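Here the structure is laid out as structure tokens; the discussion comes afterwards.
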Amino acid sequence: QVQLVESGGGLVQAGGSLRLSCAASGRTFSSYAMGWFRQSPGKEREFVAAIRWRSGNTYYADSVKGRFTISRDNAKNTVYLQMDSLKPEDTAVYYCAGTIGGLLVVITGYDYWGQGTQVTVSS
């Protein structure tokens, strides 16, 4: 069984920064990929970013490209999402997810999910 625990959410003004963390436990993640998704009230959960554990290859949604950076610390089994130049439209619950080989940009590609952390960006 895999457990994913997000942290780092909060309230920030537009233009500010936050760093989210996702700590994984329960199994080695050396062959997995990890992703971040977000969901705003009344909207579907959407892909934000993903990273492959071994290669470090990263993938981003167009809406966050150039502002968000996903990274990982293999030794700590932790994935990070550095969010800069935040906008009010980035307000959402952010979820960390893990996959053993599915498509990285869709919800159905992931096998494990965290409980989510709230990010609120004020204008």
Next item on the list: For T99, T58, write out the residues from largest to smallest accessible area, computed with a 1.4 angstrom probe and no ligands counted.
Entry: T58, T99
Next item on the list: Heads up, I need the accessible area for K43: 1.4 angstrom probe, whole protein in place, Å², nearest 10.
Entry: 130 Å²
Next item on the list: Note down the nm distance, to one decimal, between modelled labels 7 Å out along Cα→Cβ at A23 and at S85.
Entry: 3.2 nm
Item checked: Under Karplus coefficients 6.51, -1.76 and 1.60, residue-wise ³J(HN,Hα) of region 75-81 in Hz, glycine/proline x -> 5, 9, 6, 10, 10, 10, 10
Item checked: 3J(HN,Hα) from dihedral phi, region 54-66, Karplus parametrisation 6.51/-1.76/1.60, rounded to Hz, x for glycine, proline -> 6, 7, x, 4, 10, 9, 9, 6, 4, 5, 10, 4, x
Check: Taking H as built 1.01 Å from N, whose amide H comes closer than 5 Å to the amide H of Y32, not counting residues under 5 places away?
Finding: W53
Checklist line | Rounded accessible area of I51 (nearest 10 Å², 1.4 Å probe) | finding: 10 Å²
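The values are calculated or read from the model by the stated rules, or taken from the named source; none is laboratory data. In this text the structure is predicted, and so the values were computed from the model without any measurement. Positions of Cβ are generated from backbone atoms using ideal geometry, with glycine treated the same way; all protein chains shown enter the neighbour counts. The protein model used for the area step is the full one, side chains on, heavy atoms only, and it has no ligands, DNA or RNA in it. Shrake-Rupley method; radii C 1.70, N 1.55, O 1.52, S 1.80 Å.
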